[in-house]
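Readers should treat all values here as calculations from the given coordinates under stated rules, not as data from a laboratory. Computed from a predicted structure; not experimentally measured. Neighbour counts run over all protein chains shown; Cβ positions are idealised from the backbone, glycine included.
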Amino acid sequence: MLILALSGIGNMVNATPLLAACRNAFPEARVHVAVAPRGSDAVISGSHLVDDIVVVPAFARKGLYQVAKYGLALRTCRFGIVIICWASQSLASNLLAYLSGAGTRVGYASKGSWLLTHVLRAQEGCHEVELNRDLLRAIGTVCMEYPTHFEFGDQDVHAARRVLGRALESPKGIAALHPGSYADMTLKRWAPERFAELGDRLVAEVGMQVAIMGGPEEKELAQQVAQRMRSQALVLAGSLSLKVTAAALSLCRLAIANCSGLMHVAAAVGTPTVAVYGPTDPRASGPFGNESSIVRLGLDCSPCYTLRTIGRTLRCPYDVDCLRMLDVDRVFRAAVALYERNAPPTTHGTGTYARTVSPDS
């Protein structure tokens, strides 16, 4: 069995319930997962959910000749089933599935989906986790419901404890901030000065320590937030592997993030998560976590990045009012409310779908 999961970190997190369901439904099958070279393999490496991870070269998803060449190479693996995760729907994915020679090829309607044996149509407002589960149901398989998951080990926890250091001694705990998002979706980012003000209020009014998370490409952004803060913050962006970042998030009492991969990671490891939403649809991509809260303004024009527009370049004629007009107090109140109703998370948690979506939170 081959699962095509050729998107980002958050999409991979949202694919883990599908992987768990495949493992349960086909216990004797070897589960192979094809990923793009975007770091998402760290989500599942070392996991019992998969037998093999294949990193598809970037060239294999560009020119059709290269895609065809790589797809024919997959044929030697003799896969019986190929499932294309919802976020990986594309002509290239459909061609890879077809050329693999698998007798059962499942995916969503997209360019070239006639190459598949089972084609589904996504329902607006349905969460990505459910869209992925429906792929397994489409071939007549009972799909057990599992939470999202992120695999990390004791060595990652030890490394996280070292970098968090004395912040772990804070009686009020650590609040993790993630001011970034994937580089091609910067319109999803709440302003760094707002994150800075939020961090200062969490320190002054709640007594928490603040750690700013992110990937290597977000290190400068994280430093901008820290420099704007009056209080001292621990800048971890760009200095940790994704697994150690996940372990660090699991040790935090709270996470506040944009719609991003790390937001999904935080929810998957059991950290109470406040997600700041603007142009994207929280019904489809909200945190699938054990306890989370979504803060958004709910403007008439938002969300504008939905199933109908996904894959297009995100542009806004209104200066991203859905985020620009979102004040710090609204996010702070949501963060405090979530903080107060949650006990400290376990070292390694997993999420279930329980969240609050409110334009007035």
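Sparse packing (at most 15 other Cβ atoms within 10 Å of the Cβ) combined with a DSSP loop state is found for the following trypsin sites (Lys or Arg not before Pro) in region 1-38: Arg30. A simple spin-label model places the labels of Leu64 and Ala191 4.7 nm from each other, with each point 7 Å out along Cα-to-Cβ. Structure remark: mean-square fluctuation, Gaussian network model of the chain, C-alpha springs under 10 Å; the largest value among Leu49, Leu168, Leu242 belongs to Leu168.
By how many nm would the segment from Glu145 to Arg333 grow when fully extended, if each residue of separation counts as 0.36 nm and the alpha-carbon distance is taken off? List each step's numbers first, then the result.
Details: separation 188, 0.36 × 188 = 67.68 nm, distance 3.20 nm.
Result for the pair: 64.5 nm of gain on full extension.
The simple spin-label model puts a point 7 Å past each Cα toward its Cβ; for Arg162 and Asp184 those points are separated by 3.5 nm. Applying the Karplus relation 6.51 cos²θ - 1.76 cosθ + 1.60 with θ = phi - 60° to region 236-243 yields 3J(HN,Hα) values of 10, 4, x, 10, 10, 5, 5, 5 Hz, where x marks Gly and Pro. In order along region 93-102, the phi-based Karplus estimate (6.51 cos²θ - 1.76 cosθ + 1.60, θ = phi - 60°) of 3J(HN,Hα) comes to 5, 5, 5, 4, 4, 5, 6, 5, x, 5 Hz; Gly and Pro are listed as x.
Among Ile44, Ile212, sorting on how many other beta-carbon atoms sit within 10 Å of each Cβ, with the fewest leading, yields Ile44, Ile212.
The percentage of C-alpha pairs in region 93-152 whose separation is greater than 13 Å is 65%.
Loop-located trypsin sites (Lys or Arg not before Pro) in region 60-134 (DSSP state not H, G, I, E or B) with no more than 15 neighbouring Cβ atoms inside 10 Å: Lys62, Arg78, Lys111, Arg121.
Starting from the Kirkwood Rh over alpha-carbon pairs, what translational D in µm² s⁻¹ does region 1-110 have by Stokes-Einstein at 10 °C and 1.306 mPa s? Rounded, D is 116 µm²/s. Comparing Ser170, Ser45, Ser181 in a Gaussian network model of the chain (Cα springs below 10 Å), the most mobile by mean-square fluctuation is Ser170. Listed values for region 66-71 are Karplus-derived 3J(HN,Hα) couplings in whole Hz (6.51 cos²θ - 1.76 cosθ + 1.60, θ = phi - 60°), namely 5, 4, 4, 4, 6, x, and x replaces Gly and Pro. Over the chain, the pair-distance histogram of Cα-Cα distances with 20 Å bins from zero comes to 31, 56, 13, 0 percent, rounded to whole numbers.
Given R₀ = 35 Å, FRET efficiency for Ser241-Trp114 by Cβ-Cβ distance, to 0.05?
Values: r = 41 Å, r/R0 = 1.16.
Efficiency for this residue pair is about 0.30.
Across region 6-64, the volume of the C-alpha convex hull divided among the residues equals 82 Å³ per residue. Within region 192-232, the ratio Rg/Rh, alpha carbon atoms throughout and Rh by Kirkwood, equals 0.97.
For Leu72 and Met325, calculate 0.36 nm times their separation in residues minus their Cα-Cα distance, and state this gained length in nm to one decimal.
Numbers: separation 253, 0.36 × 253 = 91.08 nm, distance 5.05 nm.
That works out to 86.0 nm of additional length.
With the Kirkwood sum run over all distinct C-alpha pairs, region 130-274 has a hydrodynamic radius of 15.9 Å.
Counting residues in region 164-240 as N, plug N into 2.2 N^0.38 Å and put the Cα Rg over that result. If you can, show how the numbers build up before the last one.
Values: Rg = 12.1 Å, N = 77, 2.2 N^0.38 = 11.5 Å.
Rg over 2.2 N^0.38 Å, computed on Cα atoms: 1.05.
Once the chain from Asn342 to Asp51 is taken as fully extended at 0.36 nm per residue, the excess over their C-alpha distance is 101.2 nm. The Cα atoms of region 219-287 cover 34, 26, 20 Å along the three principal axes, with the biggest extent listed first. Under 20 Å of direct C-alpha separation, and excluding same-chain neighbours fewer than eight residues apart, Lys219 reaches these lysines: Lys188, Lys243. Here the relative contact order of the chain, from alpha carbon pairs under 8 Å that lie six or more residues apart, stands at 15 percent. Across the chain, the longest piece that holds none of the GluC sites (Glu not before Pro) lying in DSSP loops with up to 15 other C-beta atoms within 10 Å covers 146-361. The trypsin sites (Lys or Arg not before Pro) of region 190-233 that meet both conditions, a loop assignment by DSSP and at most 15 other Cβ atoms within 10 Å of the site Cβ, are Arg230.
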